[in-house]
Amino acid sequence: MKRRSFMKTLTMGAGVLSFGLLPFFMGRILRPNVKAHAENRIPLPGALKNPEDFARACIGCGLCGEVCPVRSVQFYKNDGGFLADTPYIDPEQKSCILCGLCMEACPTNALTVTPVREIDMGTAQIDRAACYPWVDAGVCGACVSICPLGSSAIDFEFGNFYRPVVQDGCVGCGQCVEVCPEPSLPINIVSREHGKVAQHGIGVRKMERGQRGF
Amino acid sequence: MKSFLRHLNKLRWLSLSIVFSMLIILPFIHLYQTYEAAHAYDLLTPTEKTISDTVEALTSPFVKDPDELSAVKGNTWSGTLFGLKLSDPLAVLGQIFASMSFYWAFIVTALIPVVITLLFGRVYCGWICPATFIYELNDNLAAWLRKAGLPVSRRKLDRRIKYIVLVVGLLLSVYFGAVMFGSVYPPAIIGREIYYAIALGGFGAGAVFFLLTLFFDLMVTRRGFCRYVCPGGALYSLLGRYRLFRIKRDVATCNDCAKCNVVCQFGLDPLQDDFGMECNNCSACIAVCPTDALSFTVSTHDVAFQGPGHLGHKYRKAHPDVNTSETSVQ
């Protein structure tokens with residue numbers, strides 16, 4: 001009888017325990033392929049460089065989203081795996097305006113207060129085969145005129161009006177991505193090692209996708 | 001003094017309602033602030049215009065500049081209250097274990113909650129936690145079901161399970177490299193999910209989990225999640241073990257009616273002087289006591305069982321010569 005009641009307690013405890021641990025694994029089960037959208041999700045300004053470090057530091061309180069005056073901060077939901085409830089910015093929907101409120105609001109070291117020109121959210125990358133001025137299909141210059149950091153971040157090519165060239169000062173806020181009128185988005189935010197000009201070819205794309213996933 | 005203590009439970013409900021309604025109001029205030037920041041009222045959709053007008057009408061008598069509404073931000077997991085940054089101790093503990101480092105600027109934000117917990121015990125669970133608001137309403141529903149004759153939420157489990165959940169959650173935080181408690185801790189889930197639903201649209205996985213816990217409370221055990229599973233409750237119980245303010249039974253005025261035992265949602269035993277570390281000082285037993293035998297006292301330990309109440313049958317049978325009318329309370 002004693003053994004039976006002990007087993008009962010044990011089973012019940014195991015049941016309650018597994019119930020409590022359910023959401024630990026729920027994020028895993030419900031997660032679709034994150035890599036399909038990895039290119040569109042950039043870290044917040046002042047975020048820790050490594051996404052794994054960021055997941056370790058962020059507690060998921062959502063303060064960065066609640067102070068953002070343009071509501072550009074989105075959150076990984078059940079598609080984030082262990083990045084669930086941590087913030088990201090989708091520059092295609094709404095880009096960062098570099099106001100720095102999220103860095104001040106963050107209670108943890110996930111976001112640190114950084115001067116505007118030292119922020120590293122990535123860099124803009126231009127696909128010269130799809131950009132109107134680069135294929136001589138028209139004049140545009142939207143990305144250059146919207147850029148909050150001016151000619152140190154993106155500028156026209158020397159002697160060629162309206163052909164944008166990303167400079168070293170780009171911090172990757174993504175306003176150029178939001179404003180770009182071309183539907184195939186020739187400009188995108190990538191991490192710095194991928195360069196400022198898109199490299200073409202299936203092999204290159206595949207390799208980049210593989211590297212970027214977390 | 002006595003009459004004031006009887007109204008503490010109403011005060012607690014006021015506190016719970018304020019916290020919960022703030023969690024709903026704050027996302028709307030954020031929406032209003034973004035509309036104001038955009039300076040494009042004419043471009044808003046009719047729904048957005050309604051939100052903007054309503055929040056403006058509600059806040060403009062008190063705050064002229066929409067930016068000043070940022071004084072209160074966040075939720076009970078971590079937030080800003082008039083420039084004071086406050087965080088849940090569980091968030092701090094989880095972050096220490098997940099990142100394996102001490103970030104002092106974050107750790108000090110939990111200082112005030114920890115001190116309050118050391119003094120008052122699990123007072124967060126009873127007075128502030130937005131999940132408690134829903135769980136207590138859910139418990140009323142379970143009581144109705146029980147009254148209707150359904151044998152629901154009668155099971156009793158081991159209350160030490162929650163300490164295991166706390167330790168396992170900390171170890172998993174280290175192993176997986178993320179603050180795991182954020183997704184199992186109901187107040188964190190509620191604050192976040194309400195914000196998602198209002199400001200960003202759509203719920204996350206946490207909402208499903210919270211509904212499951214409601215079902216667990218309704219069907220399996222009374223307030224089961226708070227009592228048996230909640231890692232935050234475990235941490236607060238440990239911190240509040242030697243709390244200074246605790247409820248004490250006055251044996252001279254107790255009449256053994258056991259209403260306190262029935263009303264205690266945490267399944268404690270005030271009738272036997274057994275409050276323990278799980279008591280969240282919610283004062284529901286004080287409010288229900290017909291003879292005002294329960295009150296607060298300053299002590300680091302509960303008293304041992306003082307025997308049956310002097311106005312009860314048991315005591316009067318044992319002491320037939322005692323004149324109970326002297327000790328009774330008007």
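Couple of notes before you dig in:
- Residues that are aliphatic (A, V, I, L, M) and open to solvent by less than 20 Å² (accessible area, probe 1.4 Å) number at least 1 in the following helices (runs of 4 or more DSSP H) confined to the stretch B:51-169: B:89-99, B:130-147.
- Taking first residues from the stretch A:145-161 that are at negative phi and partners that are assigned to a helix (DSSP H, G or I) and open to solvent by 70 Å² or more (accessible area, probe 1.4 Å), the Cβ contacts under 7 Å between residues at least 6 apart in sequence or on separate chains come to A:LEU149/A:ARG117.
- For the stretch B:180-202, a residue qualifies if it is within 8 Å of chain A (Cβ to nearest Cβ) and farther than 17 Å from B:ILE134 by Cα, and the qualifying residues are B:MET180, B:GLY182, B:SER183, B:TYR196, B:ALA199, B:LEU200, B:GLY202.
- Members of the stretch B:170-191 found to be modelled with pLDDT under 90 and either at positive phi or assigned to a loop (DSSP other than H, G, I, E, B) (or both), listed by number: B:GLY177, B:ALA178, B:VAL179, B:VAL184
- For the stretch B:195-251, filtered to residues that are in contact with a strand residue (DSSP E or B) (Cβ under 9 Å, 6 or more places away or on another chain) and surrounded by fewer than 21 Cβ atoms within 10 Å (Cβ to Cβ), the residue that is nearest to B:GLY267 (Cα to Cα) is B:LYS248.
- Any chance A:GLY81 is within 14 Å of chain B (Cβ to nearest Cβ), buried (at least 23 other Cβ atoms within 10 Å of the Cβ) and on the phi > 0 side of the Ramachandran plot: no
- Single unsatisfied condition, A:VAL70 versus (1) within 25 Å of A:LEU185 (Cα to Cα); (2) within 14 Å of the chain's Cα centre (by Cα); (3) at pLDDT 90 or above: (2)
- Checklist (1) in a loop (DSSP other than H, G, I, E, B); (2) at the interface with chain B (Cβ under 10 Å from one of its Cβ atoms); (3) open to solvent by less than 10 Å² (accessible area, probe 1.4 Å) applied to A:SER95, failing item: (2)
- Scanning the stretch B:171-179 turns up one or more residues that are at the interface with chain A (Cβ under 10 Å from one of its Cβ atoms), surrounded by 23 or more Cβ atoms within 10 Å (Cβ to Cβ) and within 29 Å of A:LYS94 (Cα to Cα).
The values are calculated or read from the model by the stated rules, or taken from the named source; none is laboratory data. Being a predicted model, the structure only gives us computed values, none of them experimental. Note that we place each Cβ from the backbone using ideal geometry, even for glycine, and neighbour counts take in every protein chain shown. SASA here: full protein model, heavy atoms, side chains in, ligands and nucleic acids out. Shrake-Rupley method; radii C 1.70, N 1.55, O 1.52, S 1.80 Å.
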